[in-house]
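The values are calculated or read from the model by the stated rules, or taken from the named source; none is laboratory data. Keep in mind that what you see is a predicted model, and the values were worked out from it rather than measured. Here the Cβ positions follow ideal geometry from the backbone for every residue, glycine too, while neighbour counts run over all protein chains shown. Note: accessible area is taken over every heavy atom of the protein model, side chains too, but ligands, DNA and RNA are not part of it. Shrake-Rupley method; radii C 1.70, N 1.55, O 1.52, S 1.80 Å.
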Amino acid sequence: MDIGLTHYLVLAVLLFGIGLYGALSRRHAIVILMCIELMLNAANIMLVAFSKYTAYHQFDGQALVMFCFVVAAAEVSVGLAIIITFYRRRKNIDIRDVNLLKW
């Protein structure tokens, strides 16, 4: 059985759907960050798959994936810093209490 572009796209759509559902339905901040990372990885799979299956086999998709890894690492570090600060102040990381950060 040959794995084609369709298989990669189905995998990426499933991962993105799971990540989107998890990000919208959960209230735990760390789980939401993990779901956002899952959605970013689904986008990376799509970029690499399209890069592999183009007619000219250009490496633009891989370059974008590397840039996305850098952005994801920055997002995680800033997000975890916010979560740690929120936990130190409130002893809770429930998303329902995040609106208290503005005070």
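Suppose R0 equals 41 Å; then what is the FRET efficiency for Val31 and His7 from their Cβ-Cβ distance, rounded to the nearest 0.05? Result of the calculation: an efficiency of 0.90.
Labels on offer are (1) 15.4; (2) 19.4; (3) 14.9, and the one holding Kirkwood radius over Cα pairs in Å computed from this structure is (1).
Rounded to the nearest 10 degrees, what's the angle between the helix 5-25 long axis and the longest principal axis of the chain, both from Cα atoms, 0 to 90? Long axis of 5-25 versus the principal axis of the chain: about 10 degrees. A simple rule links phi to the HN-Hα coupling: the Karplus curve 6.51 cos²θ - 1.76 cosθ + 1.60 with θ = phi - 60°, which for the range 77-94 gives 5, 5, x, 5, 5, 5, 5, 5, 4, 5, 5, 5, 7, 10, 6, 7, 10, 6 Hz, with x for Gly and Pro. Here the accessible area of the chain is 71 percent carbon and sulfur, with a 1.4 angstrom probe and all protein chains present. Within the full protein context, the accessible area of His28 is estimated at about 80 Å² for a probe radius of 1.4 Å.
Accessible area, 1.4 Å probe, largest first: how do Val71, Val31 sort? List each step's numbers first, then the result.
Working: Val71 70, Val31 45 Å².
Largest accessible area first, the list is Val71, Val31.
For the chain, the per residue solvent-accessible surface stands at 74 Å², with DNA, RNA and ligands left out and a 1.4 Å probe.
Note on Met66: accessible area is roughly 120 Å² with a 1.4 Å probe, heavy atoms of protein only.
Got a sec? What order do Ser25, Ser51 fall in by accessible area at 1.4 Å, biggest, i.e. largest, first?
Ser25, Ser51
Between helix 29-52 and the chain there is an angle of about 10 degrees, using the helix long axis and the longest principal axis of the Cα atoms.
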